[in-house]
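Colleague: Provided herewith is a single structure, encoded as C-alpha cells, for subsequent inquiry.
The values are calculated or read from the model by the stated rules, or taken from the named source; none is laboratory data. Quick caveat: nothing in here was measured; it's all calculated off a predicted structure. Note that each Cβ is placed from the backbone with ideal geometry, even for glycine, and that neighbours are counted across all protein chains shown.
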Amino acid sequence: MRVEPSWRRCSLHSTLAPLSCVLLIVGVMFGCVTLTPRGAGVSVYRAPLDGPPSRRNMPGGCRLVASKPPIDMTELDIEGQNDPFRVQRNEAGAAGANALLVLSKVTVSRHDLECPTSSPITDCPPSFGAWYRVVFESYSCTPDALANISTTQPTTGQRIAR
C-alpha cells in the first residue's frame, strides 16, 4: 500500500476554493451599481403608464431628453430596494437630465395566497410579487418646474428619490 504525503493530497475542490472566494468578492464589488454624482442630481417621479396624459405628463419647463423602451420588472425589484432606479438615474444624469419619470402598470398581479396585495412585498419572501411594464423617460427641467412637480401637481407623479 502506497501512502501519499499530506501536501500532495490536494483535491480540485480545495484548489478552486480560494479562486471562487476571490471571484465572489470581485463580483460583489463590481456587481453593485453606485449612484454617480450626476445620477444623484436626478429626481425620480412615478406615474401610471396606462393613466390619462394629465396624470403622466411632465409640466411646462421640462424637456424630454431620452425615452427607453419598455421593460418588465418585478414588484420586489421596484419596492424591495432603497433606490431601485439608480442605473436609470445614472443614465439620465449622464444624458443631461435632472428628472426621471417612471411610468408603470401591473401586467401580472400577485398570485401568492400567503402574500395578499395589502402586504408590502418585502414581507413576503420568497415571492417576487406582481410584474410591471415599466418605461423610463428622462427630462431636463427648470428649477421652477421641479418645484411645481414636487408641490402643486400631485397628479403628475409621486416623487420618490433625490
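Colleague: Just give me the residues in the stretch 54-78 being of a type outside the set (S, T, Y) and within 30 Å of P116 (Cβ to Cβ), in sequence order. Talk me through it step by step, then tell me what you get.
Modeller: From the stretch 54-78, those of a type outside the set (S, T, Y) are 55-66, 68-73, 75-78; that's our starting set.
The answer is R55, R56, P70, I71, D72, M73, E75, L76, D77, I78.
Colleague: Out of the residues in the stretch 116-142 meeting the condition of being at pLDDT 95 or above and of a type outside the set (A, V, I, L, M, F, W, C), tell me which one is farthest from P70 (Cα to Cα).
Modeller: Selected residue: T142.
Colleague: Give me the residue from the stretch 95-115 that is in contact with a Cys (Cβ under 9 Å, 6 or more places away or on another chain) and not hydrophobic (A, V, I, L, M, F, W, C) and, out of that set, farthest from I71 (Cα to Cα).
Modeller: Checked the stretch 95-115; the qualifying residue farthest from I71 (Cα to Cα) is E114.
Colleague: Suppose we filter G51, G39 for residues that are of a type outside the set (S, T, Y), over 30 Å from D112 (Cβ atoms) and modelled with pLDDT of 85 or more; which single one remains?
Modeller: G39 is the lone residue from the list that is of a type outside the set (S, T, Y), over 30 Å from D112 (Cβ atoms) and modelled with pLDDT of 85 or more.
Colleague: Okay, moving on. Take the residues of the stretch 54-72 that are more than 14 Å from L100 (Cβ to Cβ) and small (G, A, S): which is modelled with the lowest pLDDT?
Modeller: S54
Colleague: Let me ask something else about it. Name the pairs whose Cβ atoms lie under 9 Å apart, with the first residue in the stretch 73-96 and farther than 10 Å from G129 by Cα and at pLDDT 95 or above, the second charged (D, E, K, R) and assigned to a loop (DSSP other than H, G, I, E, B), and 6 or more positions between them or separate chains?
Modeller: Filtered contacts from the stretch 73-96: Q88/K68; R89/D83; E91/K68.
Colleague: Hey, another quick one. Filter the stretch 43-66 down to the residues that are closer than 14 Å to S104 by Cβ and within 19 Å of the chain's Cα centre (by Cα), then identify the one that is surrounded by the fewest Cβ atoms within 10 Å (Cβ to Cβ).
Modeller: Top of the filtered list is P48.
Here's the yes/no breakdown for (1) aromatic (F, W, Y); (2) within 17 Å of the chain's Cα centre (by Cα); (3) farther than 25 Å from A40 by Cα:
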site: A95; (1), (2), (3): no, no, no
site: A99; (1), (2), (3): no, yes, no
site: I121; (1), (2), (3): no, yes, yes
site: C124; (1), (2), (3): no, no, yes
site: Y139; (1), (2), (3): yes, no, no
